[in-house]
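Notes follow the structure.
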Amino acid sequence: MVSRENYNKRAALHEKLQLLRSITNSHAINNTSIIVDATKYIEDLKQKVERLNQDMGDSQSSTNHLLPLVTVETLEKGYLINVVLDRSCPGLLVSILEAFEELGLIVQEARVSCTDSFRLQAVGGEEEKVRIDAQVVKQAVLQAIKNWSENTEQE
């Protein structure tokens, strides 16, 4: 007779294997085949990551300018703004904050790191009741980065 505890463990294992099967798009039926398919899936993902890292390295070495990553998410009352650049950028924070000011955004909370790379995570809201499109905020940040980059190249 199978104890209740063993039955629960088997049921949990079966559920996890079925979840693994669905995540990896496996059509296998037995447990061993599901695990083999998952292993292949993980290897494929590793190869994709290696190719992407190599492509990013190639594109960064072939270009002489910054490649910023800027995301803007709309929140209930404002935006979550993330900016990442692959090197330290003295003076860039000021340029971005000036762009926020021009849009009428008030920075409510921010985290900034400028040591080896530039990272900014800010939560901002509008001064007025007028809602600004998230894409407009993103374009303003990208323009501030571009202007900063052009000004630092001239110096």
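The values are calculated or read from the model by the stated rules, or taken from the named source; none is laboratory data. Source: prediction; values computed, not measured. The accessibility values were calculated without ligands, DNA or RNA, using every heavy atom of the protein model including side chains. Shrake-Rupley method; radii C 1.70, N 1.55, O 1.52, S 1.80 Å.
How far, in degrees from 0 to 90, does helix 4-23 lean away from the longest principal axis of the Cα atoms of the chain, to the nearest 10? Orientation of helix 4-23: about 50 degrees from the principal axis. Per-residue SASA remark: Arg131, around 110 Å² accessible (1.4 Å probe; ligands, DNA and RNA not included). Of [x] 1, 7, 10, 12, 14, 13, 13, 9, 8, 7, 4, 2, 1, 0; [y] 2, 8, 13, 13, 10, 8, 8, 9, 9, 8, 6, 4, 2, 1, 0, 0, 0; [z] 2, 9, 16, 19, 17, 11, 7, 5, 4, 3, 3, 2, 2, 1, 0, 0, 0, which one was derived for P(r) over Cα pairs in 5 Å bins from 0, in percent from the structure shown? Only one option fits the structure, namely [y]. Against the chain, whose longest principal axis is taken from its Cα atoms, helix 92-103 shows a tilt of about 80°.
The long axis of helix 134-154 is offset from the longest Cα principal axis of the chain by roughly 60 degrees.
Counting only protein chain heavy atoms and rolling a 1.4 Å probe, the accessible areas of Thr152, Thr115 rank, largest first, as Thr115, Thr152.
In summary, the lysines within cross-link reach of Lys48, defined as a Cα separation below 30 angstrom excluding same-chain residues under 8 places away, comprise Lys16, Lys40, Lys138.
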